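The values are calculated or read from the model by the stated rules, or taken from the named source; none is laboratory data. Please read all numbers here as calculations on a predicted model, not as lab measurements. Positions of Cβ are generated from backbone atoms using ideal geometry, with glycine treated the same way; all protein chains shown enter the neighbour counts.
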Amino acid sequence: MLFFVVETVIKTIVVFGVFLLFCAYLTLAERKILGHIQVRIGPNRVGPWGLLQPIADGLKALFKEEVVPERSDKVLFIIAPMISVSMALCLMAVIPFGDHITLFGKKINLVIANSEIGLLYLFAFASLADYGVVIGGWSSYNKYGLLGGLRAAAQMISYEIALGLSCVGVIMISGSLNLVDIVKAQAGGHWNVIYQPIAFIFYIICALAEINRTPFDMPEAESELACGYNIEYSSMKFSLFFIGEYAHLMIVAAVATTLFLGGWHGPYLPSVVWFLIKTFLIVFFFMWQRGTFPRLRYDRIMMLGWKVLLPLTLANIFVTGLVMVLAR
Amino acid sequence: MVVGILFKWCVFLAMSMGVIFGGLMVISRRNPIHCALFMVMSFFCTAVLYLIMNQPFIAVLQVLVYSGAIMMLIIFVIMLLRLEEEKIAKLKFSYTKLTGTILGIIFFFQLLMGVIAPLIGKTGKITAEVIAKEGSTVIIAKELFTRYLLIFELSSVLLLVAIIGAVVLSKGK
């Protein structure tokens with residue numbers, strides 16, 4: 001009992017710390033990668049290769065003046081970024097980031113909560129994270145903010161459905177909602193991406209919409225909404241929204257790794273290293289495509305979600321079921 | 001073991017207070033957005049109550065469907081309508097209040113029955129031990145797709161009718 005409590009507390013602290021550090025350095029990585037795509041150098045003044053840039057940004061945000069609009073809903077205005085970042089951090093709890101290790105003669109599973117309903121937990125908390133954006137847009141008493149929040153709500157509701165449906169094929173093959181079981185079912189090179197290639201593509205598209213990245217960055221479209229839901233936010237509250245966004249980006253990549261790319265499985269290297277390699281490859285893909293694709297128009301985004309992705313993901317489930325019944 | 005039970009009681013007390021406080025705020029706040037957000041809080045606390053009853057599947061569905069999807073749509077509609085605070089306060093829903101009271105009383109007795117039934121020795125086939133052995137997700141899936149298949153299909157047809165109705169109504173004008 002005591003060992004279990006100590007184990008969980010230590011795992012939580014380590015995962016939390018490492019995860020936040022990754023989130024901070026993702027900002028630097030994104031700026032560097034986008035810089036190289038656009039034939040620029042990117043940040044290189046603070047520390048060698050700009051390595052201290054995230055720390056400098058954080059310090060700047062902490063010491064900046066807080067501005068709260070006079071006619072805003074003050075309580076909700078302050079709570080909104082908290083919701084955004086805390087819900088995104090909660091998601092890390094069920095993701096298995098490695099196989100078990102043995103310490104002091106005890107077997108320790110490298111996952112914080114080995115839950116029976118891990119995948120549903122992810123969807124539940126991801127849908128709660130949307131409230132941060134919506135409340136943030138509404139409470140700041142700004143028409144651009146409100147429009148950004150509304151767009152975010154509409155887009156996230158539409159794409160959450162297709163996102164959930166694209167994972168159903170994986171659940172059918174693995175026969176479990178437990179993420180550890182799903183990873184274990186992919187042992188020996190039987191990655192789900194081989195059996196569900198189309199679902200993987202749908203998952204990536206829906207995930208991009210879910211985390212509001214280009215081509216789907218409607219809620220914060222600079223050219224038409226002047227930054228959208230976070231228009232009135234400054235200093236650390238603004239940073240919290242950003243940390244939440246990058247945390248969500250990491251999580252989405254980690255879930256893609258877990259569901260489709262075999263999780264921690266891989267030869268020679270330790271399991272944690274394999275997990276991180278796969279996750280960061282997907283994160284790199286997300287940044288790469290940001291430098292490549294233009295933004296979609298809003299009605300096109302909604303049309304793609306409801307009229308293209310939803311029927312196709314449903315068809316994928318149908319075909320998967322049919323093949324499973326016939327192959328039995 | 002004692003610590004575990006104490007912890008469960010603390011969580012139970014905090015969360016049931018959260019449900020009641022959230023519910024009171026929903027019916028007493030003037031601002032419709034605040035009402036909706038307190039409702040989210042109430043639903044979330046209910047989900048935690050399911051969790052300490054060893055029903056993670058129901059708990060997660062509660063968060064996913066009610067706090068996540070349905071409340072988000074309600075907030076969306078409130079934002080689009082831009083309801084004024086004063087207008088809401090002046091409207092009198094007498095019939096709504098009456099139906100709500102009757103339904104509330106019926107629901108209360110149903111809950112009471114649920115608490116009393118195990119005490120007088122009435123239990124179903126699926127007890128806490130069975131759930132702990134098989135896992136709640138497996139049991140729900142088995143029951144839903146065998147014993148309650150007809151009801152399940154009928155309710156999906158009902159939802160389909162509702163969707164078609166909504167489309168027809170919105171296209172009518």
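Working only within the range B:58-69, note down all residues that are surrounded by fewer than 20 Cβ atoms within 10 Å (Cβ to Cβ) and over 17 Å from residue A:132 (Cβ atoms). Full working, then the answer.
Of the residues in the range B:58-69, the ones surrounded by fewer than 20 Cβ atoms within 10 Å (Cβ to Cβ) are B:58, B:61, B:65-66, B:69.
Scanning the range B:58-69 gives B:58, B:61, B:65, B:66.
Is it true that some residue in the range A:156-167 is away from every other protein chain (no Cβ under 11 Å), touching a residue at least 12 places away in the same chain (Cβ under 8 Å), closer than 29 Å to residue B:139 by Cα and outside any helix (DSSP H, G or I)?
The answer is no, given that none of the residues of the range A:156-167 is away from every other protein chain (no Cβ under 11 Å), touching a residue at least 12 places away in the same chain (Cβ under 8 Å), closer than 29 Å to residue B:139 by Cα and outside any helix (DSSP H, G or I).
Would you point out the residue of the range A:132-142, among those that are more than 11 Å from chain B (Cβ to nearest Cβ) and assigned to a helix (DSSP H, G or I), that is surrounded by the fewest Cβ atoms within 10 Å (Cβ to Cβ)? Steps first, answer last, please.
Step one: list which residues in the range A:132-142 are more than 11 Å from chain B (Cβ to nearest Cβ), which gives A:132, A:136, A:140-142.
From what's left, assigned to a helix (DSSP H, G or I): A:132, A:136.
Values: A:132: 26, A:136: 30.
Out of the qualifying residues, it is A:132.
Return the only residue of B:45, B:35 being more than 10 Å from chain A (Cβ to nearest Cβ), free of Cβ contacts under 8 Å to residues at least 60 places away in the same chain, closer than 19 Å to residue A:140 by Cα and in a helix (DSSP H, G or I).
Result of the check over B:45, B:35: B:35.
Got a number for residues in the range A:250-293 being assigned to a helix (DSSP H, G or I) and closer than 24 Å to residue A:209 by Cβ? If you could, list the steps in order and put the result at the bottom.
Taking the range A:250-293 and keeping what is assigned to a helix (DSSP H, G or I), we get A:250-260, A:271-290.
Remaining after also requiring closer than 24 Å to residue A:209 by Cβ: A:250-260, A:278-290.
Adding up the residues that qualify gives 24.
Look through B:160, B:149, B:119 and report the one residue that is free of Cβ contacts under 8 Å to residues at least 60 places away in the same chain and loosely packed, with under 10 Cβ neighbours inside 10 Å.
Only one candidate qualifies: B:119.
Of these, B:68, B:22, which one is touching a Ser or Thr at 6+ places or on another chain (Cβ under 6 Å) and either closer than 26 Å to residue B:139 by Cβ or polar (S, T, N, Q) (or both)? Break it down into steps so the answer makes sense when it comes.
Working: B:22 fails: either closer than 26 Å to residue B:139 by Cβ or polar (S, T, N, Q) (or both).
Criteria check complete, one pass: B:68.
Is there a residue in the range A:116-127 that is more than 19 Å from residue B:68 (Cα to Cα), within 13 Å of chain B (Cβ to nearest Cβ) and either among the charged types (D, E, K, R) or part of a loop (DSSP other than H, G, I, E, B) (or both)?
Filtering the range A:116-127 for residues more than 19 Å from residue B:68 (Cα to Cα) gives A:116.
Next, from what is left, pick out any that are within 13 Å of chain B (Cβ to nearest Cβ): A:116.
Next cut, either among the charged types (D, E, K, R) or part of a loop (DSSP other than H, G, I, E, B) (or both) only: A:116.
Yes; the residues of the range A:116-127 include at least one that is more than 19 Å from residue B:68 (Cα to Cα), within 13 Å of chain B (Cβ to nearest Cβ) and either among the charged types (D, E, K, R) or part of a loop (DSSP other than H, G, I, E, B) (or both).
Tally the residues that are under 23 Å from residue A:122 (Cα atoms), β-branched (Val, Ile, Thr) and at pLDDT below 90, restricting the search to the range A:278-313.
0
For residue A:177, indicate whether it is within 26 Å of residue A:324 (Cβ to Cβ), within 13 Å of chain B (Cβ to nearest Cβ), assigned to a helix (DSSP H, G or I) and out of contact with any strand residue (DSSP E or B) (no Cβ under 6 Å at 6 or more places or on another chain). Spell out the reasoning first.
Values: within 26 Å of residue A:324 (Cβ to Cβ): yes; within 13 Å of chain B (Cβ to nearest Cβ): yes; assigned to a helix (DSSP H, G or I): no; out of contact with any strand residue (DSSP E or B) (no Cβ under 6 Å at 6 or more places or on another chain): yes.
Taking the combined requirement at face value, the residue does not satisfy it.
If you take the residues of the range A:78-88 that are more than 11 Å from chain B (Cβ to nearest Cβ) and surrounded by fewer than 21 Cβ atoms within 10 Å (Cβ to Cβ), which of them is farthest from residue A:263 (Cα to Cα)?
Within the range A:78-88, the subset more than 11 Å from chain B (Cβ to nearest Cβ) is A:78, A:81-82, A:84-86, A:88.
Applying the additional criterion that residues be surrounded by fewer than 21 Cβ atoms within 10 Å (Cβ to Cβ) yields A:78, A:82, A:86.
On the way: A:78: 37, A:82: 30, A:86: 24 Å.
Looking at residues that are more than 11 Å from chain B (Cβ to nearest Cβ) and surrounded by fewer than 21 Cβ atoms within 10 Å (Cβ to Cβ), I get A:78.
Testing residue A:321 on (1) within 19 Å of the chain's Cα centre (by Cα); (2) surrounded by fewer than 20 Cβ atoms within 10 Å (Cβ to Cβ); (3) farther than 22 Å from residue A:130 by Cβ, one condition comes back false. Which one is that?
(1)
Under the condition of being under 19 Å from residue B:61 (Cβ atoms) and of a type in the set (A, V, I, L, M), which residue from the range B:129-143 is surrounded by the fewest Cβ atoms within 10 Å (Cβ to Cβ)? Before you say what the answer is, go through the steps one by one.
Step one: of the range B:129-143, the residues under 19 Å from residue B:61 (Cβ atoms) are B:131, B:134-143.
Those still in the list that are of a type in the set (A, V, I, L, M) too: B:131, B:138-141.
Numbers: B:131: 17, B:138: 15, B:139: 15, B:140: 17, B:141: 12.
By that ranking, first place goes to B:141.
Restricting attention to the range A:101-112, report how many residues are buried (at least 19 other Cβ atoms within 10 Å of the Cβ) and out of contact with any Pro (no Cβ under 7 Å at 6 or more places or on another chain).
Here the count works out to 1.
Please list, ordered by first then second residue, the pairs with beta carbon atoms under 9 Å, 6 or more apart or interchain, first in the range B:124-146 and free of Cβ contacts under 8 Å to residues at least 40 places away in the same chain and under 16 Å from residue A:175 (Cβ atoms), second among the hydroxyl-bearing types (Ser, Thr, Tyr) and loosely packed, with under 12 Cβ neighbours inside 10 Å.
From residues that are free of Cβ contacts under 8 Å to residues at least 40 places away in the same chain and under 16 Å from residue A:175 (Cβ atoms), there are no pairs.
Under the condition of being outside any helix (DSSP H, G or I) and closer than 27 Å to residue A:151 by Cβ, which residue from the range A:194-214 is modelled with the highest pLDDT? Steps first, please.
Residues of the range A:194-214 that are outside any helix (DSSP H, G or I), as a first pass: A:196, A:211-214.
Then keep just the ones that are closer than 27 Å to residue A:151 by Cβ; that gives A:211-214.
Values: A:211: 82, A:212: 78, A:213: 79, A:214: 75.
Selected residue: A:211.
Need pairs with beta-carbon distance below 7 Å; first residue of a type in the set (A, V, I, L, M, F, W, C) and within the range A:233-247, second outside any helix (DSSP H, G or I); sequence gap 6+ or separate chains.
These pairs meet every condition: A:241/A:233.
Please identify the pairs in which a residue from the range B:53-80 that is more than 18 Å from residue A:83 (Cα to Cα) has its Cβ atom under 7 Å from the Cβ atom of a residue that is surrounded by fewer than 22 Cβ atoms within 10 Å (Cβ to Cβ) and among the aromatic types (Phe, Trp, Tyr), counting only partners at least 6 apart or on another chain.
B:58/B:50; B:59/B:50; B:62/B:43; B:62/B:50
Identify the single condition in (1) closer than 25 Å to residue B:34 by Cβ; (2) away from chain B (no Cβ under 14 Å); (3) surrounded by fewer than 21 Cβ atoms within 10 Å (Cβ to Cβ); (4) of a type outside the set (Phe, Trp, Tyr) that residue A:98 does not satisfy, given that it satisfies every other one.
Here residue A:98 meets the rest and fails (1).
Quick one: residue A:113 ticks every box in (1) at pLDDT below 85; (2) away from every other protein chain (no Cβ under 14 Å); (3) in a loop (DSSP other than H, G, I, E, B) except a single one, so which number is it?
With respect to (1) at pLDDT below 85; (2) away from every other protein chain (no Cβ under 14 Å); (3) in a loop (DSSP other than H, G, I, E, B), residue A:113 is out only on (2).
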